[in-house]
Amino acid sequence: MAQRLVVIGGDAAGMAAASQARRRRDRSDLEIVAFERGHHTSYSACGIPYWISGMVADRDQLVARAPATFRDEFDIDVRLRHEVTAIDLDRREVVARDLDRGGEVRERFDDLVYAAGAVPTKPAWADTDMGGVFGVQTLDDAGALRDWLDGDPTPRRAVVVGGGYIGVEMAEALVQRGLSVTLVEKADQPMATVDPDMAALVATAMRGIGIDIRTGVGVTGLDQRDGRVSAVITDDGPVPTDVVVLGLGVRPNTALAEAAGLPVGPSGGIRVDRRMRVVGAPGVWAAGDCVESLHLVSGLPVHVPLGTHANKQGRVAGINLGGGYATFPGVIGTAVTKVCELEVGRTGLRERDATASGFEFVSVVAESTNRAGYYPGARPMTVKLIAERPSGRLLGAQIVGWSEAAKRIDTLAVALWNGMTVDEMTSLDLGYAPPYAPVWDPVLIAARKAVDALDRSRGQTEPVGGHG
Ligand SMILES: Cc1cc2nc3c(=O)[nH]c(=O)nc-3n(C[C@H](O)[C@H](O)[C@H](O)COP(=O)(O)OP(=O)(O)OC[C@H]3O[C@@H](n4cnc5c(N)ncnc54)[C@H](O)[C@@H]3O)c2cc1C
């Protein structure tokens, strides 16, 4: 008799696991049922800002694989608009509610993949019936926002609450649609994923495209007129608006898992081993935004909700479920984003993470250009490196600059992943031609500078930094 795999969550992690398992085991050996409470499978939430801006014309372009593809080509029984409401580990079954027709179904499983993603932070003031307040977690959320932006009266002003990368990308998208945009952020800087000196460069670029950034400002409520949002109330006064977009971060979606007794770690995510098996729960797997990962530099459990990890973790779970062998060793915190032409990349630890983890380090900031200075289109590029002292091992890196900045972080991520020292990095054989880099690549210039800082730091007890 065929075994049965039940998947909870039909996006990146869940469907990667399901399709990898199917590649290795056919229907006579493994039946696969996937429950998804939304209208879509395998969609790119990452593409939402570009659909909102109009750069991507059609929502369907963001759907990598539609439910029909999974049914017809992968023989996976996808149940859309079905929300799993309970997991019974003793009886090995899940209970799901049919959101459109009503009623409940029970589905037996031998193996379970929990891939329910993350829950967006929604403060009490945002829990409202008034029109014009939107999250951007799912394609359904984004569809509702698009309808509002295309509606009558056409919104002219927008407030984005939260200055993380999603808030920053949404602010840019709304500017590109012609709205006048204010970004409200409680912290002292947008883009808290990079150090304040690098975030200041991002803030300058955002202001340069007309975004009104209010940092150090908390939101306390909303005002409305005729059921439509009319202002965001902040502790610095009201900000009039026609639409509000929430980008306040997410937490792992673990409610169902916890109710079933699955373990949650210190970061709030489900605890898994490196093969994506839930710790202490045979036959139960978890992947994506709902799990915690090992940070390979700090050694700490972390929650890093990114599509890149969700896809890899889902694939690892699916290969193992299919009888193969695969592991997800951990993360180093690599991420990239952009604000119009400005690109932002980061990997490893920020200064505050390095301090919190007890590292002694030097940190340097090197100013350079993306191309040879004489080559048309040469623009500034700022590279920051954080290196352990006295060993010189790279601990973290950040880049802000114009074209070729974001993907240069990958060079640094590979160096960091492999435990290279900044001294070793100075000899890296990186490509050079005037259209792509100065003769000394910005990465090499920064590495040389870090070596100098390490030399200077010998015998000192405080972290050493420097700009240049
Ligand atoms: C606007 C935006 C931009 C982003 N940009 C990037 C980027 O540039 N790079 C990057 O790496 N990442 C980015 N991300 C993050 C990335 O989209 C997520 O990390 C990724 O989608 C996580 O995949 P997942 O499968 O773990 O979770 P999700 O994509 O959240 O999927 C979980 C699914 O489970 C379903 N579900 C939840 N509970 C139940 C239930 N009880 N029953 C049935 N179904 C359920 C949900 O409806 C959802 O479809 C972005 C996210 C957003 C919102």
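Couple of notes before you dig in:
- Qualifying residue in region 49-62 (condition: in contact (Cβ under 8 Å) with a residue 40 or more places away in the chain and either touching an Asp or Glu at 6+ places or on another chain (Cβ under 6 Å) or under 20 Å from GLY324 (Cβ atoms) (or both)): yes
- Hey, VAL56 part of a strand (DSSP E or B) and within 15 Å of the ligand (Cβ to nearest atom) or not: no
- Selection status of MET15, of a type in the set (A, V, I, L, M), in contact (Cβ under 8 Å) with a residue 24 or more places away in the chain, surrounded by 18 or more Cβ atoms within 10 Å (Cβ to Cβ) and out of contact with any Asp or Glu (no Cβ under 7 Å at 6 or more places or on another chain): yes
- Being crowded, with 18+ Cβ neighbours inside 10 Å, at negative phi and either at pLDDT 95 or above or in contact with a strand residue (DSSP E or B) (Cβ under 9 Å, 6 or more places away or on another chain) (or both) is a property that holds for GLY135.
- Remark: ARG97 matches the filter, which requires a residue to be more than 25 Å from the chain's Cα centre (by Cα), in a strand (DSSP E or B) and more than 30 Å from ARG23 (Cβ to Cβ).
- Output for region 100-132, where each listed residue is buried (at least 16 other Cβ atoms within 10 Å of the Cβ), more than 12 Å from the ligand (Cβ to nearest atom) and acidic (Asp, Glu): ASP111
- In region 81-91, of all residues being in contact (Cβ under 8 Å) with a residue 60 or more places away in the chain and not small (Gly, Ala, Ser), the one that is nearest to PRO67 (Cα to Cα) corresponds to VAL84.
- Yes/no for ASP410 being surrounded by 15 or more Cβ atoms within 10 Å (Cβ to Cβ) and of a type in the set (D, E, K, R): no
- Applying the criterion of being touching a residue at least 24 places away in the same chain (Cβ under 8 Å) and part of a helix (DSSP H, G or I) to the residues of region 142-158, the residue that is surrounded by the fewest Cβ atoms within 10 Å (Cβ to Cβ) is GLY143.
- Within region 168-183, the presence of at least one residue that is more than 15 Å from the ligand (Cβ to nearest atom) and small (Gly, Ala, Ser) is confirmed.
- Qualifying residue in region 275-284 (condition: part of a helix (DSSP H, G or I) and within 12 Å of the ligand (Cβ to nearest atom)): no
- Here region 216-248 is the region considered, the condition is being of a type in the set (Val, Ile, Thr) and out of contact with any Gly (no Cβ under 7 Å at 6 or more places or on another chain), and the residue that is surrounded by the fewest Cβ atoms within 10 Å (Cβ to Cβ) is THR220.
- VAL78 meets each of the listed conditions (1) in a strand (DSSP E or B); (2) more than 9 Å from the ligand (Cβ to nearest atom); (3) surrounded by fewer than 19 Cβ atoms within 10 Å (Cβ to Cβ) apart from (3).
- Among the candidates ARG97, ARG27, the residue that is in contact (Cβ under 8 Å) with a residue 24 or more places away in the chain and either surrounded by fewer than 17 Cβ atoms within 10 Å (Cβ to Cβ) or within 15 Å of the ligand (Cβ to nearest atom) (or both) is uniquely ARG27.
- Listed conditions (1) over 16 Å from GLU367 (Cβ atoms); (2) in contact with a Leu (Cβ under 8 Å, 6 or more places away or on another chain); (3) of a type outside the set (A, V, I, L, M, F, W, C) are all met by GLY401, apart from (1).
The values are calculated or read from the model by the stated rules, or taken from the named source; none is laboratory data. These numbers come from a predicted model, not from an experiment. In this analysis, Cβ positions are derived from the backbone assuming ideal geometry, glycine residues included, and neighbour counts consider all displayed protein chains.
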